[in-house]
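Visitor: Sharing a structure here in structure tokens format.
The values are calculated or read from the model by the stated rules, or taken from the named source; none is laboratory data. No experiment lies behind these values; they were computed from the predicted model shown. Counting neighbours? That spans all protein chains shown, and the Cβs are built from the backbone with ideal geometry, glycine included.
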Amino acid sequence: MYVGLALARRLEMAHAWRSVKYARAQLVWRPETHSTVQPVAGGFAVFAGDGSPLNRAVGLGLHGPVTDTDLQHVEQFYLSRQATPRIDLCPLADASLLALLRERGYLLEHFFNVMARPLSNEDAAAPTEIHVTQAAPEEAELWIRTTAQGFTGQDNPPQADLDILVPNFYSQDATCFFAWVGDQPAGGGAMFIHENVAELGGASTRPAFRKRGVQTALLRARLAAARKAGCDLAVSMTEPGSDSQHNMERAGFRLAFTKASMVKATTLAKNSGI
């Protein structure tokens, strides 16, 4: 799969819109977070509440050059909310973005692997002991608790971990799934669709059901649902070299590109008391 600017733009904008819809759902569910979104430089600056991992600008520079004024707007957007300015840097973004990040004192924080694959009807069958169902509206609390149990490894996850998953269930164009072993919810995952690209995320397995193919079953079911919805591409973000990347590769995903999370250095120094 050749990844040029057109494909990188589709993948990154699908991810950007996932964050936008998350922030909008967050605002409805918890208006006190003052979640909001600002379009900038062809992408979006997203604020989803204090300390949210989605507080970052995504998709900048994929539709043309980025200006110094654009970055000033991003920085003011976050600083006015007492948040650290963070910008995802796609390697296929216009070169002006990298130059400005260097000039304005941004540092590399970490990397994300963008894993993608075209959709086909050639996927292998899921493990037979596991069946996957789409979560119904009345199962929201069960899905949130199940996935939080998988992420935290705790039967009673902290409220903060439950809260961060709620907008995933209620986001526009999101579909959530359970994996069942017998009558027990073994894990959960989500799918977010934007312009025929399905992003797979929010997936976890409860500790008692690990190493039994739960993630494989959730992957297969979401890919099938994405095809049925008319999608031709699937994408997922992973940590480089992680088990998640390994699972994605086994399901036919390949590395599209690695993007960098860039953070304003002077803000880090101020927040750490340096």
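For (1) surrounded by 15 or more Cβ atoms within 10 Å (Cβ to Cβ); (2) closer than 17 Å to residue 198 by Cα; (3) touching an Asp or Glu at 6+ places or on another chain (Cβ under 6 Å), each residue gets a yes or a no:
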{"position": "148", "(1), (2), (3)": "yes, no, yes"}
{"position": "155", "(1), (2), (3)": "no, no, no"}
{"position": "162", "(1), (2), (3)": "yes, no, no"}
{"position": "165", "(1), (2), (3)": "yes, no, no"}
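Visitor: Is it true that some residue in the stretch 20-38 is acidic (Asp, Glu) and either free of Cβ contacts under 8 Å to residues at least 24 places away in the same chain or not in a helix (DSSP H, G or I) (or both)? Spell out how you get there, then give the answer.
Guide: Taking the stretch 20-38 and keeping what is acidic (Asp, Glu), we get 32.
When the remaining residues are screened for being either free of Cβ contacts under 8 Å to residues at least 24 places away in the same chain or not in a helix (DSSP H, G or I) (or both), the result is 32.
Yes, the stretch 20-38 has at least one match.
Visitor: Going through 54, 62, 92 one at a time, which residue ends up being part of a loop (DSSP other than H, G, I, E, B) and within 17 Å of the chain's Cα centre (by Cα)?
Guide: Values: 62 fails: within 17 Å of the chain's Cα centre (by Cα); 92 fails: within 17 Å of the chain's Cα centre (by Cα).
From the options 54, 62, 92, the qualifying one is 54.
Visitor: So, one more: Mind listing just one residue for me: the one in the stretch 76-102 that is of a type in the set (D, E, K, R) and in contact (Cβ under 8 Å) with a residue 12 or more places away in the chain and, of those, farthest from residue 198 (Cα to Cα)? Outline the logic, then answer.
Guide: Filtering the stretch 76-102 for residues of a type in the set (D, E, K, R) gives 81, 86, 88, 94, 102.
Filter once more, keeping what is in contact (Cβ under 8 Å) with a residue 12 or more places away in the chain: 81, 86, 88, 94.
Details: 81: 31, 86: 24, 88: 20, 94: 25 Å.
Selected residue: 81.
Visitor: Hey, another quick one. Taking the condition of being free of Cβ contacts under 8 Å to residues at least 40 places away in the same chain and within 24 Å of the chain's Cα centre (by Cα), how many residues in the stretch 65-75 meet it?
Guide: First, pick out the residues of the stretch 65-75 that are free of Cβ contacts under 8 Å to residues at least 40 places away in the same chain: 65-74.
Remaining after also requiring within 24 Å of the chain's Cα centre (by Cα): 66, 70-71, 73-74.
Selection size over the stretch 65-75: 5.
Visitor: Taking the options 51, 59, name whichever one is at pLDDT below 95, closer than 30 Å to residue 247 by Cβ and either surrounded by fewer than 20 Cβ atoms within 10 Å (Cβ to Cβ) or in contact with a His (Cβ under 8 Å, 6 or more places away or on another chain) (or both).
Guide: Values: 59 fails: at pLDDT below 95.
When all the criteria are applied, what remains is 51.
For every residue, the table says whether it meets (1) aliphatic (A, V, I, L, M); (2) on the phi > 0 side of the Ramachandran plot.
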position	(1), (2)
43	no, no
57	yes, no
64	no, yes
94	no, no
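Visitor: Taking the stated definitions as given, is residue 200 in contact with a helix residue (DSSP H, G or I) (Cβ under 6 Å, 6 or more places away or on another chain), modelled with pLDDT of 95 or more, of a type in the set (A, V, I, L, M) and under 17 Å from residue 141 (Cα atoms)?
Guide: Values: in contact with a helix residue (DSSP H, G or I) (Cβ under 6 Å, 6 or more places away or on another chain): yes; modelled with pLDDT of 95 or more: yes; of a type in the set (A, V, I, L, M): yes; under 17 Å from residue 141 (Cα atoms): no.
So residue 200 does not fit the description; no.
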